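All of the numbers you see were taken from the coordinates with simple rules; none came from a lab. None of these values were measured; they are calculated from a predicted model. FYI the Cβ positions are ideal-geometry reconstructions off the backbone, even for glycines, and counts take in every protein chain you see.
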Amino acid sequence: MLKGTGKAYRQSKRLRRELTLPEVLLWQRLRRHATGHHWRNQHPAGPYSLDFYCDAAKLCVEVDGEAHERSDRPERDARRDAWLAANGIMTLRIPAAEVLRNLEGVVRSVSEHARKRAPLHHPSDGPPPPLGEEF
């Protein structure tokens, strides 16, 4: 699992107490395993704090408010996404307004992305079954 710096750990801890309404609504669904995967809230990764992170799928979900469209935020977000991609993590950016307008659709989309990215076999489960063998 990707670890964060000390500063990122402190920032993540603070951000967990300061979630926005769209983040709270999405977190309530993700933490109940609505996607079938385990999610972390405000997970520290390198110098960053990820809104939601699924390690099995190597998927980061960012809920972006209006501030992400202003000033140098688009460039900073692009650098962050590139850093995460270099570490094997895909970033899925979702507008906060979309979470408020269509929470179920957002959860379905996140679930589909996680399902496509998560491995079918976990090494900790032992060797994969032989081909053609039914369960």
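Okay, here's what the table says:
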item: Backbone N under 13 Å from the residue 98 label point (7 Å along Cα→Cβ), restricted to the stretch 46-87; result: 61-65
item: Cβ charges +1 (Lys, Arg) and -1 (Asp, Glu), total dipole of the stretch 6-116, debye; result: 500 debye
